[in-house]
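Okay, so here's the structure we're looking at.
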Amino acid sequence: MRRRSAAWFLALVVAGAPAAPAAPAPAIAALPPPYQAHGVVHGVIRIWGHGAYDRSRDFIGALVRAWERGFQRVQPGIRFENHLVGTAAAIGALYTGRGDLALMGREIWPPEVAAFREVFGYPPTGVDVVTGSFDVRNHDYALVVFVHKSNPLAGLTLAQLDALFGVERRRGGHAVRTWGDLGLSGAWSGRPVHLYGLPISRGFARFFEDKVFLGGRLWRPSLREFADAKGSRGGAGDGGQRMLDAMAQDPDAIGYAGLLYHNPGVKPIALARRAGGAYVAATADTVLNHRYPLTRMITMFFNRPPGVPVDPKLREFLRYVLSRDGQEAVPRRGGGYLPMLAPFAADQLHKLD
């Protein structure tokens, strides 16, 4: 039976339904404290960015509206204007003055930071508000590294991934060309590594560059990229599924996608942040508690000049979003996104000081 996600268990707990025995019991208790207003605020908050393709495919719009309704119950002097037309519009709305909060459906890209900096002379401030999903399409699922099922490799460090897929190797070490370079012996030692991945023009690759390459942008030219088939909305036509299907025919393959894709001919492997560190497999729990190294985040950006306090109405709304009130709405309305547990919410709240 397919493993249920933490979002499903959290939804049951929040709704008051009995949870299955395998539910991560500490999850709800580990949410941030309830919202307590630091003052009364008034005005309009304009939110641009991530939302939906159309009415039938809402990604985060329902969650944003739930946050807004909840916030207005405690801060009735606030109105919202939503322009959730897509991530591509988010940062532009900030530096043109059309928006107050830019909600991203992926990691911010360097050209977007550069454009904002060109206008204001400093970068936008970002606050993570939601944990990406474990395995839900279009909900910032965690990236997972796969190898052929016959491969004895059990885990890799981020430095080894950098040496495999990247050119600059900012984490140090030597380039990896054979399975022997990764410690495999015997018949595997001299066999070449074949690299598979999603298109390097997509947000998945940008995230990989930031987390694995430490900001490097150069990929090994031997990488075989798998784009979504035209019109694909999931399933066999998605690049991730096409990649796993091809990898199943290549014993020397290694690639990255997400656990929403499956093929019995390949297996996911665990990752460690550094040599000597713990190897962590991607599970609903390790994504929820941010132990898995390639967990993704949903971030809201805003304009905060250096040394200037955050606009009070934005500060209070973000404090609400990162409170228990806001995070309890994530499993109910987030469609697969996961909440921010208390330690991570606290880290983000410090950015509002």
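Observations on the model:
- Taking trypsin sites (Lys or Arg not before Pro) across region 263-353, the ones in a DSSP loop with at most 13 further Cβ atoms lying within 10 angstrom of their Cβ are Arg274.
- What the phi angles of region 216-224 give under the Karplus curve with 6.51, -1.76 and 1.60, with θ = phi - 60°, is a coupling list of x, 10, 9, 9, 4, x, 7, 4, 9 Hz, glycine and proline written as x.
- Projected label points at Lys351 and Arg233, each 7 Å from Cα along the beta carbon direction, are separated by 3.3 nanometres.
- Modelled spin labels at Gln249 and Ala114, positioned 7 Å past Cα toward Cβ, are 3.9 nm from each other.
- Pairs exceeding 25 Å between alpha-carbon atoms, taken from Lys211/Lys313; Lys211/Lys351; Lys211/Lys267: Lys211/Lys313.
- Region 144-281: C-alpha gyration tensor shape, a/c 1.5 cut-off, then a/b vs b/c: oblate
- D_trans [Stokes-Einstein, Kirkwood Rh over alpha-carbon pairs] for region 202-353, 20 °C, 1.002 mPa s, µm² s⁻¹: 116
- Taking one quarter of the surface of the C-alpha convex hull of the chain gives a mean projected area of 18.9 nm².
- Exposure proxy for His42, His350, His83: other Cβ atoms within 10 Å of each Cβ, ordered fewest to most, give His350, His42, His83.
- Values of log10 I(q)/I(0), in the order q = 0.19, 0.23, 0.26 Å⁻¹, for region 45-122 under a Debye, Cα-only, solvent-free model: -0.82, -1.03, -1.17
- Scaled radius of gyration (Cα, divided by 2.2 N^0.38 Å) that region 287-342 gives: 1.33
- Tensor-based shape of region 46-183 (alpha-carbon gyration tensor, a/c under 1.5 rounded, otherwise prolate or oblate): prolate
- Cβ-Cβ FRET estimate between Lys267 and Ser201, R0 fixed at 30 Å, reported to 0.05: 0.65
- Region 186-241: C-alpha gyration tensor shape, a/c 1.5 cut-off, then a/b vs b/c: oblate
- Relative to the Cα centre, the charge distribution of the chain, modelled as +1 at Lys and Arg Cβ and -1 at Asp and Glu Cβ, gives a dipole magnitude of about 260 debye.
- Largest-first principal axis extents, alpha carbons of region 150-219, Å: 37, 24, 18
- For region 295-302, the Karplus equation 6.51 cos²θ - 1.76 cosθ + 1.60, evaluated at θ = phi - 60°, returns couplings of 6, 9, 10, 9, 10, 9, 10, 8 Hz by residue, with Gly and Pro reported as x.
- Each helix, a run of at least 4 DSSP H residues, gives -39500 (n - 2.57); summed and divided by the residues of the chain, these come to -8000 deg cm²/dmol at 222 nm.
- In the chain, a dipole from Cβ-located charges (positive for Lys and Arg, negative for Asp and Glu) runs towards its positive end, and of His42, Gly234, Tyr337 it is Gly234 whose Cα lies farthest in that direction.
- Length gained on full extension, Arg98 to Ala62, computed as 0.36 nm times the residue gap minus the Cα-Cα distance: 10.8 nm.
Quick note: the coordinates plus some simple rules give every number you see, no bench work behind them. Only a predicted model underlies this, so the values are computations on that prediction, with no experimental measurement involved. In this analysis, Cβ positions are derived from the backbone assuming ideal geometry, glycine residues included, and neighbour counts consider all displayed protein chains.
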